[in-house]
Amino acid sequence: MSEQSRRPHRPAKPYRRPQKDPVRVLAFDALRAVDERDAYANLVLPPLLRKAREKGDFDARDAALATELVYGTLRRQGTYDAIIAQCVDRPLREVDPPVLDVLSLGAHQLLGTRIPTHAAVSASVELARVVLGDGRAKFVNAVLRKIAQHDLDGWLERVAPPYDEDPEDHLAVVHSHPRWVVSALWDSLGGGRAGIEELLAADNERPEVTLVARPGRSTPEELLTEDAAVAGDWSPYAVRLTEGGEPGAVEAVREGRAGVQDEGSQLVALALAEAPLDGPDEKWLDGCAGPGGKAALLAALAAQRGATLVAAEKQPHRAGLVARALAGNPGPYQVITADGTRPPWNPGTFDRVLMDVPCTGLGALRRRPEARWRRRPEDLDSFAPLQRALLRTALDSVRVGGVVGYATCSPHLAETRAVVADLLKQHPDAELIDARPLLPGVPGLGEGPDIQLWPHIHGTDAMYLALIRRTA
C-alpha cells in the first residue's frame, strides 16, 4: 500500500462566501476613485455616504469610520508605502493599485487607529476576498501580518533615515509628505526644525468644519445654537463645529445664509475690506470668484457700505456655484462668466479687487490630502504665467488710490512673494500696504507687509495675502 493510500482522508473545508463589510467596501471604492479618476476625496466621499445611508447600510458611527479610513489612509500614504515596501517581495510599483489600496487601508487600521490587531487584519483580508478574490487575499494576509509585528513608531525607526543624515527625507517619511513639498514648506517658514515638524504634523490632523455667518443674512449667534458649535478664533463671522458636525444639517447653511468657509479665507476677505482707500468705495471685484465663498462674504460686506460686488469666474459651472452662493445677498451684486486675464470691464473701474489665483493648493493639504501626492514641482511653472497675468489684470482694474488683494492657498514662495515682487519691479505705480494691522488680535502674521497664515499657528489653511495700492 502506498504512503498516500495509508493517510486518512480529510474532507476539504467547505467554501465560505466572503462577508461584505459596507464600511470598508465604501472606503475602498473612494480610494479607487481618487486613484483612477484623479478625484478628490472631499467630492467623492459625501455622495457615497449619502447613498449608503439611503440604502440603510450606514449609521453615524459607520460614516465616521469610513471617513477616517479614507482620509487617514490618504494622509499617511507616503509613510504606509515605505512600510509596505519593506513587507513585500517586489518593488511597490509592481503591486496592483487595488491591492495596494487594500494594504494601505489595512496598514492604517493597524498603525493609525485603535482597532485591535486581529480585527484590523481579518477585516482587511475579508475586504480583499470581496474586491480582489481569494488568491490575492492570501497575499494581503501575509503582508499585513508582517506589518502587525511593529507599531508605527517601531516602523518609523526602521524605514525613515536618521534626521542628522537626511533631514528632509526623514521628515518626508515620518510626516508623509513628498520631499519637495517638505523642502518648499521649510523655505517658506524660514528654517528651524520645530516649526516644520509642527506644520507637517498639522497637515495630518483632521480639520474641524468652519462655518461663516454671511452678514445681513445670518449671525454667529444663530450658528452657535448648533450642537458642539464654538466661536471661531479670529474672524467675527466664524463658527466651528467641533465634533465633526454635518454642515447640511444646519438650517442657515441649507438656506445659503451661511456657508462652509475656512477661517483663513474669511480673514483674506476681511483684510481686503478693511484696507484704507484714497477716494470712493463703491465698486468691488472678485476676479477669480469660483466657487463663491469669498465672493459671498465680500458681497455682504460691500452691501453694508452701499457698495456693489462684481464676481467674475472663467468656468461657467463654477460661475453657477458663485451665483448660488450670492443668491439672497442683501445688496446689489453681479455674477459674470469672464476670463480674468482678458477682462470685459474697463481699466480703473474698481475701488477694491480680490484676485485669489489658481495655485498648487499646498496650503490646504489638511482638507485635500491627496493633493500632496498629485502635485509635482513642475506644476509651479505651469501656474506662474497665469498668476502673474491675473495680478497684472487686477492692478489694471483698480483705480488710482484703490487696493488689490493678491491671495493664494499656497505658502510656496514661488506662488506668493515671487509673484508680488515681479509685479512691483515692473510697476512703480504700485506699493505694498502693511496688511497685518487689518487683522487685529491675530498673532504670528510674519514680518510683513504681507500676511502668511499657517495651520499649526492659526488653525487655518496656509493662506497668503498681499495688499497692493495703485499710486498712479
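Checked across the range 172-181, the condition of being without any contact (Cβ under 8 Å) to a residue 24 or more places away in the chain and either surrounded by fewer than 22 Cβ atoms within 10 Å (Cβ to Cβ) or assigned to a helix (DSSP H, G or I) (or both) holds for at least one residue. Which residues, counting only those in the range 144-173, are of a type in the set (Gly, Ala, Ser) and either more than 12 Å from Ala107 (Cβ to Cβ) or in contact with a Cys (Cβ under 8 Å, 6 or more places away or on another chain) (or both)? Residues satisfying the conditions are Gly154, Ala160, Ala172. Listed by first and then second residue, the pairs linking a residue in the range 458-472 that is assigned to a loop (DSSP other than H, G, I, E, B) to a residue that is basic (Lys, Arg) and open to solvent by 10 Å² or more (accessible area, probe 1.4 Å), with Cβ atoms under 9 Å apart and 6 or more places separating them unless they lie on different chains, are Gly459/Arg240; Asp461/Arg366; Asp461/Arg367.
The single condition from (1) touching a residue at least 12 places away in the same chain (Cβ under 8 Å); (2) part of a helix (DSSP H, G or I); (3) open to solvent by 10 Å² or more (accessible area, probe 1.4 Å) that Ser124 fails is (3).
Quick one: in the range 360-395, of everything that is of a type in the set (Gly, Ala, Ser) and touching a Cys at 6+ places or on another chain (Cβ under 8 Å), which residue is nearest to Arg76 (Cα to Cα)? So the residue we want is Ala364.
Table: residues versus (1) of a type in the set (Ser, Thr, Tyr); (2) closer than 20 Å to Ser122 by Cα; (3) surrounded by fewer than 20 Cβ atoms within 10 Å (Cβ to Cβ); (4) touching a Gly at 6+ places or on another chain (Cβ under 7 Å).
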site	(1), (2), (3), (4)
Asp29	no, yes, yes, no
Asp35	no, no, yes, no
Val44	no, no, yes, no
Gly56	no, no, yes, no
Asp59	no, no, yes, no
Ala63	no, no, no, no
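Could you please find all residues in the range 207-224 being within 29 Å of Gly448 (Cα to Cα) and either at pLDDT below 95 or more than 19 Å from the chain's Cα centre (by Cα) (or both)? Passing the criteria: Pro207, Glu208, Val209, Ala213, Arg214, Pro215.
Could you check the range 255-291 and list, in sequence order, the residues that are among the hydroxyl-bearing types (Ser, Thr, Tyr) and open to solvent by 40 Å² or more (accessible area, probe 1.4 Å)? It would help to see each step written out before you state the result.
Restricting attention to the range 255-291, the residues satisfying the condition of being among the hydroxyl-bearing types (Ser, Thr, Tyr) are 265.
Hits for the range 255-291: nothing passes.
Residues that are over 19 Å from Lys283 (Cα atoms) and among the β-branched types (Val, Ile, Thr) within the range 342-364 comprise Val357, Thr360, listed in sequence order. Considering the range 225-257, and only residues there that are over 24 Å from the mean Cα position of the chain (by Cα) and not hydroxyl-bearing (Ser, Thr, Tyr), the residue that is nearest to Gly328 (Cα to Cα) turns out to be Glu255.
In the set Glu243, Glu222, Glu198, Glu205, only one residue is in contact with a helix residue (DSSP H, G or I) (Cβ under 9 Å, 6 or more places away or on another chain), open to solvent by 10 Å² or more (accessible area, probe 1.4 Å), more than 26 Å from Leu354 (Cα to Cα) and in a loop (DSSP other than H, G, I, E, B); that residue is Glu205. Would you please name the residue that is nearest to Arg366 (Cα to Cα), looking only at residues in the range 418-472 that are crowded, with 23+ Cβ neighbours inside 10 Å and among the hydroxyl-bearing types (Ser, Thr, Tyr)? Ranking the candidates gives Thr460 first. Take the conditions (1) under 19 Å from the mean Cα position of the chain (by Cα); (2) open to solvent by less than 20 Å² (accessible area, probe 1.4 Å); (3) not small (Gly, Ala, Ser); Ile84 misses just one of them, which is (1).
For the range 100-113, the set of residues classified as crowded, with 19+ Cβ neighbours inside 10 Å and of a type in the set (Val, Ile, Thr) consists of Val102 only. Considered as a group, the residues in the range 225-240 that are hydroxyl-bearing (Ser, Thr, Tyr) and without any contact (Cβ under 8 Å) to a residue 60 or more places away in the chain include one that is least open to solvent (accessible area, probe 1.4 Å), and that residue is Ser235.
Of the residues that make up the range 113-136, is at least one at pLDDT 95 or above and within 23 Å of the chain's Cα centre (by Cα)? Scanning the range 113-136, I find at least one residue that is at pLDDT 95 or above and within 23 Å of the chain's Cα centre (by Cα), so the answer is yes.
The values are calculated or read from the model by the stated rules, or taken from the named source; none is laboratory data. Since the model is a prediction, treat every value here as computed from it, not as a measurement. Positions of Cβ are backbone-derived with ideal geometry, glycine not excepted, and every protein chain shown enters the neighbour counts. When the accessible area is computed, the model is the full protein with side chains, heavy atoms only, and any ligands, DNA or RNA have been set aside. Shrake-Rupley method; radii C 1.70, N 1.55, O 1.52, S 1.80 Å.
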